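What follows is a set of notes on a single structure, which appears directly below.
The values are calculated or read from the model by the stated rules, or taken from the named source; none is laboratory data. These numbers come from a predicted model, not from an experiment. So basically every Cβ, Gly included, is an ideal-geometry build from the backbone, and we count neighbours across all protein chains shown.
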Amino acid sequence: MAADGFTISLWVTAPLAILIAGFGLAHTSLLKPAFASMPVLTRRLRLANGVIMLASLPLLVAGFSLLDPMVDTRAWISVWLLAMPMVLLSVSLASADAIHSLFRAFRARANMRRTLQRARAELLAELHAARDAARESH
């Protein structure tokens, strides 16, 4: 670690990385029961994103705390050249998951609207039939 101000203390980044990894693993383990009912694409996107996030944590800790850009420039650049695409991939996977979820929600809403319209039409037909039957009996 350097004293020139370009790095963040390992005492800050390591506990944060452990905390983030713990939350990620806990989140994944809590989602396991829901995975069975989850669409395959959603499940794959979320698992892949979790793996990418966990794999990028050590690189981020190294880039922020362990490597000094003034001392070991090549290693620092290499770490960041690996870490930044992983972060970008993680954001891209999360965006794809969000977009897929929106499309699923729109599709479910359209299906619900069609179901309600059919039920309304059936109910109105039954009411009209009952009213006509009541008029004929009087």
Single match in 113, 74, 107, 135 (criterion: surrounded by fewer than 12 Cβ atoms within 10 Å (Cβ to Cβ), among the basic types (Lys, Arg) and either in contact with a His (Cβ under 9 Å, 6 or more places away or on another chain) or under 30 Å from residue 8 (Cα atoms) (or both)): 74
Going by the structure shown, is residue 93 over 19 Å from residue 17 (Cα atoms), in contact with a helix residue (DSSP H, G or I) (Cβ under 6 Å, 6 or more places away or on another chain) and in contact (Cβ under 8 Å) with a residue 12 or more places away in the chain? yes
With the condition kept exactly as written, say whether any residue in region 31-51 is closer than 25 Å to residue 12 by Cα, modelled with pLDDT under 95, within 14 Å of the chain's Cα centre (by Cα) and of a type in the set (A, V, I, L, M). yes
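From 125, 121, 96, grab the single residue that is under 30 Å from residue 13 (Cα atoms) and of a type outside the set (Lys, Arg).
Every option except 96 fails the conditions.
When residues of region 60-71 are filtered for being in contact (Cβ under 8 Å) with a residue 24 or more places away in the chain and either touching a Phe, Trp or Tyr at 6+ places or on another chain (Cβ under 8 Å) or more than 27 Å from residue 9 (Cα to Cα) (or both), how many remain? Even if it seems obvious, please write down each step before you answer.
First, the residues of region 60-71 that are in contact (Cβ under 8 Å) with a residue 24 or more places away in the chain: 60-61, 64-71.
Narrowing the set further to residues that are either touching a Phe, Trp or Tyr at 6+ places or on another chain (Cβ under 8 Å) or more than 27 Å from residue 9 (Cα to Cα) (or both) leaves 67-70.
Summing the residues that are in contact (Cβ under 8 Å) with a residue 24 or more places away in the chain and either touching a Phe, Trp or Tyr at 6+ places or on another chain (Cβ under 8 Å) or more than 27 Å from residue 9 (Cα to Cα) (or both) in region 60-71 gives 4.
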Condition test on residue 80, is it of a type in the set (A, V, I, L, M, F, W, C), over 25 Å from the mean Cα position of the chain (by Cα), surrounded by 10 or more Cβ atoms within 10 Å (Cβ to Cβ) and part of a helix (DSSP H, G or I)? no
For a quick check of your reading of the model, give me the residue pairs whose first member lies in region 1-30 and is more than 26 Å from residue 50 (Cβ to Cβ) and in a loop (DSSP other than H, G, I, E, B), whose second is of a type outside the set (A, V, I, L, M, F, W, C) and modelled with pLDDT of 90 or more, with beta-carbon atoms closer than 6 Å and at least 6 apart or on different chains. 7/65
Test result for residue 95, of a type in the set (Ser, Thr, Tyr) and either surrounded by 13 or more Cβ atoms within 10 Å (Cβ to Cβ) or not in a helix (DSSP H, G or I) (or both): no
Scan region 102-116 and give yes if some residue there is under 20 Å from residue 47 (Cα atoms) and without any contact (Cβ under 8 Å) to a residue 60 or more places away in the chain, otherwise no. yes
Apart from one, (1) surrounded by 11 or more Cβ atoms within 10 Å (Cβ to Cβ); (2) closer than 27 Å to residue 95 by Cα; (3) not hydrophobic (A, V, I, L, M, F, W, C) all hold for residue 65; the odd one out is (2)
Working carefully through the options 13, 42, find the one that is touching a Leu at 6+ places or on another chain (Cβ under 8 Å) and either surrounded by 16 or more Cβ atoms within 10 Å (Cβ to Cβ) or basic (Lys, Arg) (or both). 13
